[in-house]
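Asker: Before I ask anything, here is the structure I am working with.
Quick note: the coordinates plus some simple rules give every number you see, no bench work behind them. Keep in mind it's a predicted model, so treat the numbers as computed, not measured. Please note: Cβ atoms are built from the backbone with ideal geometry, for glycine as well, and neighbour counts cover all protein chains shown.
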Amino acid sequence: VKALSQLRAFVARLRFVPGRRRLLDEVTKELESHVELLAARYVSSGMAPDEARLAARRQIGNTTRVREEVYTMNSIDWLGGLAYDVRYAYRLLTKNPGFSVAAIATLALGIGATTSIFSILYSVLLKPLPYKDPERIYSAEIIVPERREQLPSLPASVQAYLAWRDARSDFSEMAALDRGSAISPAMPRA
Amino acid sequence: LTFQRSFGYFYAMAKGTHSGKIDVLQGTLDLMVLTTLESMGPLHGYGIARRIEQISEATLRLNEGTVYTSLMRLQQRGWISATWGTSENNRKAKYYAITRSGRRQLTAETQHWERIAGVITRLLRTVQQS
């Protein structure tokens, strides 16, 4: 509950961040007119103007401290720090353009290459096939148990395909394809 | 108990170096400002300071500038709202008014304060008796 109320207080504070300079100006004005009003009061009770002003200043205390306090209250420390970091980085980059261009080009190439390789990899290996129930699609191969050491699997021959197609199997349909070029149409069984 | 002290504690807390056990002290000025706005209606900072001075019959030494820190803090919590208006002597002044959640907070804070004051009074009484 404490964390929640702290979070809420933080969010509430955020509303004041954009207007913090204006709020600071306003507090400055308020403090000034506060001093004037106090001084006027002291004068009306018989003090000399200079003396009254001093007394008023004493009564109000350290206004710089108040202004600082109000300003920090309305700012977020890391946000200011971030702005400084960004400005610093910008200055360094413009100071040494050769290095900057090299660094940015390296980053751009690296990111570009990674992205393109990943998009190929994704479409080839990871993306599910654009069919209904892709997990029900299998690729059939021939495995000769005795020769498995040398040849893990063999592509199906045309004869094997035709035999499988005509035989009863657990597959509802069967189609053959030649390495990327031609696809023989799926033949619905009977 | 001075306001200077509670102000210092708040400062430490805002920097995250200090926590716990100080809520009562920290809330003292805020509580007075809230009560003032509740009983007097919308006021500017100067008016609040005069009212506190009047009520306390000059027994409190208050750095009146800290009223504005308190006002900012209360605004952030949504307990008071601020609008620019014109004061009695035709000056522009920021007027502060208590909000509904501010009233709720005031009720809660008042109870809290009374409980703590009660405990301390009882404690001091037992010390005197023994």
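Asker: Only Cα pairs under 8 Å and at least 6 apart count here; give the relative contact order of region A:16-99 as a rounded whole percent.
Answerer: Reported relative contact order: 36 percent.
Asker: In the neighborhood of residue B:103, defined by Cβ-to-Cβ distances under 12 Å, what is the net charge if each Lys or Arg adds +1 and each Asp or Glu adds -1?
Answerer: On the way: positive: B:100, B:104; negative: B:38, B:109.
Computed value for this residue: 0.
Asker: Here is a follow-up. Just tell me the longest site-free run in chain A, where the sites are trypsin sites (Lys or Arg not before Pro) in a DSSP loop having at most 14 other beta-carbon atoms within 10 Å. Intermediate results must be reported in sequence, preceding the final value.
Answerer: Numbers: sites that count: A:15, A:132, A:148, A:168, A:179, A:189.
Longest run free of exposed loop sites: A:16-131.
Asker: Where does the charge balance sit around residue A:58 when Lys and Arg score +1, Asp and Glu -1, over other residues with C-beta under 12 Å from its C-beta?
Answerer: On the way: positive: A:53, A:57, B:61; negative: A:51, B:64.
Around residue A:58, the surrounding residues sum to +1.
Asker: Next question, about the same structure. Go ahead and run the numbers for FRET between residue B:125 and residue A:88, Cβ-Cβ distance against an R0 of 45 Å, rounding to 0.05.
Answerer: Details: r = 61 Å, r/R0 = 1.36.
FRET efficiency, residue B:125 to residue A:88: 0.15.
Asker: Suppose every K and R has +1 on its Cβ and every D and E has -1 on its Cβ; what is the size of the dipole of region B:73-129 about the Cα centre, in Debye to the nearest 20? Provide the component values of the computation, followed by the final result.
Answerer: On the way: 11 positive and 3 negative charges, 30 e Å.
The dipole of region B:73-129 has a size of about 140 debye.
Asker: Summing +1 for each Lys or Arg and -1 for each Asp or Glu, what net charge is found among the other residues whose Cβ lies under 13 Å from the Cβ of residue B:84? If you can, show how the numbers build up before the last one.
Answerer: On the way: positive: A:22, A:29, B:91, B:92, B:94; negative: A:25, A:26, A:30.
Result for the local shell: +2.
Asker: Quick one: putting +1 on the C-beta of Lys and Arg, -1 on the C-beta of Asp and Glu, what dipole do you get for region A:1-57 around its Cα centre, in Debye to the nearest 20?
Answerer: Values: 11 positive and 7 negative charges, 126 e Å.
Once rounded to the nearest 20, the dipole reads 600 debye.
Asker: Here is a further query. Once both labels are modelled 7 Å past Cα along the beta-carbon direction, what's the residue B:91-residue A:177 spacing in nm?
Answerer: Each label point lies 7 Å from its Cα, and together they span 8.4 nm.
Asker: Karplus couplings for region A:84-101 from phi (6.51 cos²θ - 1.76 cosθ + 1.60, θ = phi - 60°), rounded to Hz, Gly and Pro as x?
Answerer: Here the 3J(HN,Hα) series is 4, 4, 4, 4, 4, 4, 4, 5, 4, 5, 6, 6, 10, x, x, 4, 4, 4 Hz.
Asker: From the residues B:116, B:70, B:128, which one has its Cα farthest along the dipole of the protein assembly as shown in the positive direction, the dipole being from +1 and -1 charges on Cβ of Lys/Arg and Asp/Glu about the Cα centre?
Answerer: B:128
Asker: A further question follows. Which order results if B:35, A:106 are arranged by neighbouring Cβ count within 10 Å, fewest first? If you can, show how the numbers build up before the last one.
Answerer: Numbers: B:35 17, A:106 10.
Listed from fewest to most nearby Cβ atoms, that is A:106, B:35.
Asker: Something else: Is there a quick way to get the dipole size of chain A? I mean about its Cα centre, with the Cβ of Lys and Arg at +1 and of Asp and Glu at -1; what is the value in debye to the nearest 20?
Answerer: Details: 26 positive and 20 negative charges, 118 e Å.
Computed about the Cα centre, the dipole is about 560 debye.
Asker: So for B:70, B:56, A:45, A:33, fewest C-beta neighbours within 10 Å to most, what's the order? Write down the numbers at each step before the final one.
Answerer: Details: B:70 26, B:56 12, A:45 8, A:33 18.
With the sparsest Cβ surroundings first, the list reads A:45, B:56, A:33, B:70.
Asker: Hey, what did region A:40-190 get for relative contact order, percent, Cα under 8 Å, at least 6 apart? Mind dumping the intermediate values first?
Answerer: Details: 49 pairs, mean separation 11.3, N = 151.
It rounds to 8 percent for region A:40-190.
Asker: Choose one of A:5, A:167, A:56: the residue whose Cα lies farthest towards the positive end of the charge dipole of the protein assembly as shown (beta-carbon charges +1 Lys, Arg; -1 Asp, Glu; about the Cα centre).
Answerer: Value: A:56.
Asker: What are the ³J(HN,Hα) values, in whole Hz, obtained from phi via the Karplus relation 6.51 cos²θ - 1.76 cosθ + 1.60 with θ = phi - 60°, for each residue of region B:87-104 in sequence order, with x given for Gly and Pro?
Answerer: Karplus values, whole Hz, x for Gly and Pro: 7, 3, 9, 6, 10, 6, 8, 8, 9, 10, 9, 6, 9, 5, 5, x, 5, 4.
Asker: Follow-up question, since we're still on this one. Under the rule of at least 5 residues apart or a separate chain, name every residue whose amide H is placed under 5 Å from the amide H of residue B:93.
Answerer: Under 5 Å from the amide H of residue B:93: B:85, B:86, B:87.
Asker: Shifting gears a bit: Can you figure out the FRET efficiency of residue A:79 with residue B:59, using R₀ = 45 Å and their beta-carbon distance, to the nearest 0.05? Mind dumping the intermediate values first?
Answerer: Working: r = 42 Å, r/R0 = 0.93.
The value I calculate is 0.60.
Asker: Another question, then. Rounded if a/c is under 1.5, else prolate if a/b is larger than b/c, else oblate: which is chain A, with a ≥ b ≥ c the root eigenvalues of its Cα gyration tensor? Don't jump to the answer; show the numbers that get you there.
Answerer: Details: a/c = 6.18, a/b = 3.46, b/c = 1.78.
Since a/c reaches 1.5 and a/b is larger than b/c, the shape of chain A is classed as prolate.
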